[in-house]
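First the structure, in the form of structure tokens, and then the observations on it.
Read-outs: derived from the displayed coordinates by stated rules, not from any lab. No experiment lies behind these values; they were computed from the predicted model shown. Here the Cβ positions follow ideal geometry from the backbone for every residue, glycine too, while neighbour counts run over all protein chains shown.
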Amino acid sequence: MHLRTGAPIMAIAPRITKRNGDDVTIEVTCKLSGSMLEMEEQIQDCVNAIGNTLSEDALKRFDADGENLTIGGTTWYSKGQLSKTYHTPYGTATISRYVYQRAEGGTTLCPLDEGARIIKKSTPRFAMMLAHKFANNAAAQVLDDLEQNHKRPCVKATLQDLVADVAAIAQEKEETWEYEPPVEMESKVETVGIGVDGSCMLLCDKQWREAMTGTISLYDRDGERQHTIYVGAAPEYGKQTFYERMTREIAKVKSLYPEACYVGIADGAASNWKFLDPFIDVQILDFYHVTQYLTDAAAAMGKNKEAGKRKIKAAINKERENMRLRQRKHGIQ
């Protein structure tokens, strides 16, 4: 549901009237008229205008002065001030900033972008906002959220490109980041469950590849889950990226809980167990796949294959009911 009133957005021009070191004084006129909802909309417009004005001022603090730069023995020459539009939590801010290049040409350097930690064209705060929103919603919902709740419209492609860059940075840093468990664990970790699974996906080139997911769950002595780490990887031939990520996370957890019992949970795929075996003490094959494999023994369970299948089905139903009884006994839904 869109709740915009359709009232025209008044031109708001905040003006910085005073600077004293890091203190900035800003003046703005905000018109309040109409219903309470309309006035709240006007206040939001005013807040965004102030945010953009201050963001422009903040960005300029990271700019160079136009003099030549020497980095690693190489001289970079100023190409002058070039205009660039930056995405902020409050809208877009367009400023002119110095850009540098070596005498032989090639890659350019923008000290402002480096100093302010700009990601593509986004400020760090806006990139962080989008990463959080995309972790919980699809692009269409994020766009709607920005417009409806922040009065901050944006182009879908811009958001998707920015989030892809944030993800690339996270993956690049992944090898050096250390896993930090919850500050306060309710109980001592007695068991660690390591699960892996995959699903085949048809790619654009008509090739099938397996997308992989993995979990590392920490349990106390009563079987209560305390925390879970989630790992995933896009489809690729050989699943090497997933295995490398999962191996790093398992190694970090083992260094934290060396005395715990490590339990592997997976289906019957040989590749899953080949990966899990070096890390675990106990194997658990999930119930669903166990029942699938039992059909291979159907012929030996009765006078003929159909009779064997009926016996197997009855045994599976009985065991499923026993599992439910055990779950209810332990308060597991």
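Go through the range 247-295 residue by residue and tally those that are assigned to a strand (DSSP E or B) and touching a Ser or Thr at 6+ places or on another chain (Cβ under 7 Å).
Qualifying residue count, the range 247-295: 2.
Quick one: would you say Tyr262 is crowded, with 18+ Cβ neighbours inside 10 Å and in contact (Cβ under 8 Å) with a residue 24 or more places away in the chain?
On the way: crowded, with 18+ Cβ neighbours inside 10 Å: yes; in contact (Cβ under 8 Å) with a residue 24 or more places away in the chain: yes.
Judged against the criteria, Tyr262 is a match.
Among the residues of the range 184-232 satisfying the criterion of being among the polar types (S, T, N, Q) and more than 20 Å from Ser271 (Cα to Cα), which is nearest to the chain's Cα centre (by Cα)?
Filtering the range 184-232 for residues among the polar types (S, T, N, Q) gives 187, 191, 199, 207, 213, 215, 217, 226, 228.
If we keep only those that are more than 20 Å from Ser271 (Cα to Cα) too, we end up with 187, 191, 217, 226, 228.
Numbers: Ser187: 28, Thr191: 27, Ser217: 19, Gln226: 21, Thr228: 15 Å.
Checked the range 184-232; the qualifying residue nearest to the chain's Cα centre (by Cα) is Thr228.
Any residue in the range 66-75 that is touching a residue at least 60 places away in the same chain (Cβ under 8 Å) and under 35 Å from the mean Cα position of the chain (by Cα)? Steps first, please.
Of all residues in the range 66-75, those touching a residue at least 60 places away in the same chain (Cβ under 8 Å) come to none.
Checked against the condition, which is being touching a residue at least 60 places away in the same chain (Cβ under 8 Å) and under 35 Å from the mean Cα position of the chain (by Cα), the range 66-75 yields no hits at all.
Looking at Ile312, Ile265, can you tell me which residue is of a type in the set (A, V, I, L, M, F, W, C) and more than 13 Å from Thr215 (Cβ to Cβ)?
On the way: Ile265 fails: more than 13 Å from Thr215 (Cβ to Cβ).
Going through Ile312, Ile265 in turn, just one is of a type in the set (A, V, I, L, M, F, W, C) and more than 13 Å from Thr215 (Cβ to Cβ): Ile312.
So, Gly238, is that one assigned to a loop (DSSP other than H, G, I, E, B), over 18 Å from Gly198 (Cα atoms) and out of contact with any His (no Cβ under 6 Å at 6 or more places or on another chain) or not?
Working: assigned to a loop (DSSP other than H, G, I, E, B): yes; over 18 Å from Gly198 (Cα atoms): no; out of contact with any His (no Cβ under 6 Å at 6 or more places or on another chain): yes.
Taking the combined requirement at face value, the residue does not satisfy it.
Pairs, please: C-beta under 9 Å, at least 6 apart or cross-chain, first residue of a type in the set (D, E, K, R) and in the range 279-291, second in a strand (DSSP E or B)?
Listed by first residue and then by second, the contacts come to Asp281/Cys261; Asp281/Tyr262; Asp281/Val263; Asp281/Gly264; Asp286/Gly195; Asp286/Asp197; Asp286/Ile265; Asp286/Ala266.
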